[in-house]
Amino acid sequence: MKKGSLYTILFMFAISVFFTAILASANAFYQPSIEKNELLSNMKSILYVLDIKSISDENQIAEVFNNNVRTKKLNHLDIFVKYDQNGNVQGYAFPFAGAGLWGRINGYIGISADFKTILGVDFTSHSETPGLGGRIDEPWFKEQFRGKKISSEPGIILNNSSSRDEETGIDAITGATSTSRAVVNILNDFINELISKNISSLEVQK
Amino acid sequence: MIEDIKKVIYRNLLKENQVVRQILGICSSLAVTNLMKNSLVMGLGLTFVTSLSSFTISTLRNYIPHRIRMLVQTLIIASYVIFVDIFIRANMPDISKALGPYVGLIITNCIIMGRAEAFAQKNTPFISMLDGFFAGIGYTSVLLIISFVRELLGFGTVFGANVNFIGFDTWTIMVMPPAAFFIIAVMVWIGANIMNKRTAKNANAEIKTFPKQQSASI
């Protein structure tokens, strides 16, 4: 079957238009629910790092979020402020990002109102090896950060066999020391940046 | 027709298994096989895409100009993969997070292109779809065997359930991609052995009964 160039070009054009149209409409159709999923998972993360009791029911997440947390802007950064029932600030959640072992790690860190302790840490996206570095998603790892002291020196450190520090030390993941170290470095860099820029609770409240 | 279907099944699952016999799709066999769950989802995604893209390409095969057939195949395959990606992100956000970039990588899996080029291009839509489907199932079963060994030895679990009753030390190497090389190599070795014996046996039998046909088929 011999076919001319014009047919070839028209065919390629038609089939491209056809499949692109299908994908575009599928994308448009699913976009709202994809955005909703992303929003919900971000809210879940923020609630988690602010140490607000986790909710299993998807429908209540937005409600709990709106009751407890306000979004503010600080130097183009979205930050999230947690209030108690009387309107007192209880903590802040900041987004952070940095280089993991294989790719970028994004997440949120919750910091207490007096900027002295970490309320919680959560990771929203990363590309670490599933089963090794990917275990930073597991609750036992993330829970370790709660209540750790904020300081520029030594910052958060990894425990080793000879020393355990309750105030600043966390356990690394077995077989994933590089990822554990990367996470600690990202968080320390972020904390140092907060300290160096002198960002205090007052400035955030403005 | 039934005979054809049987042949397609046998060929794709055993005789010309994509991973073990044709050494295709090795990249993803290394990447996603440290947990059985990841392997299963990846395998099902690939099976879905291979069946549908083979079906579509076979339907269009008489209209696709020969010179640009690979462009068209890639376009069709990519469309299905992107659709799967959008669908999973919208309806199963947790699985989408666990799979990360792997879904997009289905596009580059040579099995799909291989089936399109080797089979769908020359056969009718229905049998092409079956061919794609069983090629995917053959791939999935190899992935599951590899990940069974790796998850069992690397984590002491099967599909996430702890089976490490005697408390052996888990092997970190099994969690890393290189471990899949060893397992794939052993499977290729076994597969090659069985198939070589079988073809040798068939060849002997044919030489005895139909000597002329044998020489013609070489």
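Run the quick spin-label model on B:N196 and A:T174: label points 7 Å from Cα toward the beta carbon, then report their separation in nm to one decimal.
4.0 nm
Is it possible to state the helix-based mean residue ellipticity at 222 nm for chain B, with each DSSP H run of 4+ residues giving -39500 (n - 2.57), the sum divided by total residues, to the nearest 500 deg cm²/dmol? What is it? Walk me through the intermediate numbers first.
On the way: 11 runs with 153 residues, N = 218.
Only helices count here, giving -22500 deg cm²/dmol.
Tell me, what does the Kirkwood hydrodynamic radius of the protein assembly as shown come to in angstroms if you use every pair of distinct C-alpha atoms? Walk me through the numbers on the way to the answer.
Numbers: mean 1/r = 0.0397 Å⁻¹.
Evaluated on the protein assembly as shown, it is 25.2 Å.
Ignoring everything but the protein chains, give the 1.4 Å probe accessible area of B:I190 in square angstrom, nearest 10.
80 Å²
Under the classification rounded if a/c is under 1.5, otherwise prolate if a/b is larger than b/c and oblate if not, where does the stretch B:2-201 fall, given a ≥ b ≥ c as square roots of the Cα gyration tensor eigenvalues? Could you put the intermediate results ahead of the total?
Numbers: a/c = 2.39, a/b = 1.38, b/c = 1.73.
Oblate.
Taking the stretch A:1-76, how many lysine pairs are there with alpha carbons less than 30 Å apart, if each pair must be eight or more places apart or span two chains?
Here the count comes out as 9.
Quick one: among A:F96, A:F19, A:F65, which has the greatest mean-square fluctuation in a GNM of chain A with alpha-carbon springs under 10 angstrom?
Maximum among the listed residues: A:F19.
Relative to a virtual label point 7 Å from the Cα of A:S5 in the Cα→beta-carbon direction, which members of the stretch B:66-80 show backbone nitrogen distances below 18 Å?
B:66-69
If I take R0 = 45 Å and measure r between the Cβ atoms of B:N91 and B:A203 in this structure, what FRET efficiency does the formula 1/(1 + (r/R0)^6) give, to the nearest 0.05? Write out the running numbers ahead of the final one.
On the way: r = 51 Å, r/R0 = 1.14.
So the FRET efficiency works out to roughly 0.30.
Using a probe of 1.4 angstrom, how much of the accessible area of the stretch B:2-201 is carbon and sulfur, in percent? List each step's numbers first, then the result.
On the way: 6930 of 9640 Å².
The C+S portion of the solvent-accessible surface of the stretch B:2-201 is 72 percent.
Taking a probe of 1.4 Å, how large is the accessible area per residue of the protein assembly as shown, in Å²? Write out the running numbers ahead of the final one.
Numbers: 22800 Å² over 424 residues.
Counting only protein heavy atoms, the per-residue value for the protein assembly as shown is 54 Å².
Go ahead and set up a Gaussian network model of chain B, Cα springs under 10 Å, then flag whichever of B:V186, B:V32, B:V81 fluctuates most.
Judging by the Gaussian network model, the answer is B:V186.
Which FRET efficiency value, to the nearest 0.05, do you get for B:V188 and B:L40 by plugging their Cβ-Cβ distance into 1/(1 + (r/R0)^6) with R0 = 22 Å? Kindly include the intermediate steps, with their values, before the conclusion.
Values: r = 22 Å, r/R0 = 0.99.
About 0.50, to the nearest 0.05.
For the stretch B:2-201, please report how many Lys pairs fall under 23 Å Cα to Cα, leaving out neighbours fewer than 8 apart on the same chain.
Pairs that pass both the separation and distance tests number 12.
With a 1.4 Å probe, how much accessible area is buried between chains B and A, both sides summed, in Å² to the nearest hundred?
On the way: alone 12510 and 12640 Å², together 22800 Å².
Answer for the B-A pair: about 2300 Å² buried.
Return the aspartates and glutamates within reach of A:K116: Cα separation strictly under 12 angstrom, same-chain partners fewer than 8 residues apart disregarded; answer none if there are no such residues.
Reachable aspartates and glutamates: A:E167.
Where does the stretch B:39-138 land on Rg/Rh, using Cα atoms and the Kirkwood Rh? All intermediate terms of the calculation are to be shown ahead of the outcome.
On the way: Rg = 13.4 Å, Rh = 13.5 Å.
Value, to two decimals: 0.99.
Could you work out how far apart the two model spin labels at A:N27 and B:F148 are, taking each label as a point 7 Å from the Cα in the direction of the beta carbon, and quote it in nm?
Going from the A:N27 label point to the B:F148 one covers 4.1 nm.
Could you work out which residue, out of B:I183, B:I137, B:I88, moves most in a Gaussian network model of chain B, that is, has the largest mean-square fluctuation with Cα springs under 10 Å?
Greatest mean-square fluctuation among the candidates belongs to B:I88.
Taking only C-alpha pairs under 8 Å that are 6+ residues apart, what is the relative contact order of the stretch B:2-201 in percent? Numbers along the way, then the final one.
On the way: 256 pairs, mean separation 71.2, N = 200.
Reported as a whole number, the value is 36 percent.
Based on the alpha-carbon gyration tensor of the stretch A:109-164 and its eigenvalue square roots a ≥ b ≥ c, which shape applies: rounded if a/c is under 1.5, prolate if not and a/b is larger than b/c, or oblate?
Working: a/c = 2.32, a/b = 1.33, b/c = 1.74.
Taking the square roots of the gyration eigenvalues as a ≥ b ≥ c, the stretch A:109-164 is oblate.
To the nearest 500 deg cm²/dmol, what mean residue ellipticity at 222 nm is calculated for chain A from DSSP H runs of n ≥ 4 alone, each contributing -39,500 (n - 2.57), summed and divided by the residues?
Details: 5 runs with 86 residues, N = 206.
The per-residue figure over chain A is -14000 deg cm²/dmol.
Rounded, prolate or oblate, given the Cα gyration tensor of chain A, with a/c below 1.5 counting as rounded? It would help to have the intermediate numbers written out before the result.
Values: a/c = 2.56, a/b = 1.71, b/c = 1.49.
Prolate is the answer for chain A, as a/c is 1.5 or above and a/b outweighs b/c.
Quick one: what are the phi-derived ³J(HN,Hα) couplings along the stretch A:38-45, Karplus 6.51/-1.76/1.60 with θ = phi - 60°, whole Hz, x for glycine and proline?
So the Karplus estimates, Gly and Pro as x, are 5, 4, 4, 5, 5, 4, 4, 4 Hz.
The values are calculated or read from the model by the stated rules, or taken from the named source; none is laboratory data. Everything numeric in this text was worked out from a predicted model, so none of it was measured. Here Cβ is always computed from backbone atoms with ideal geometry, including for glycine, and neighbour counts include all displayed protein chains. Accessible surface areas use protein heavy atoms only, side chains included; no ligands, DNA or RNA. Shrake-Rupley method; radii C 1.70, N 1.55, O 1.52, S 1.80 Å.
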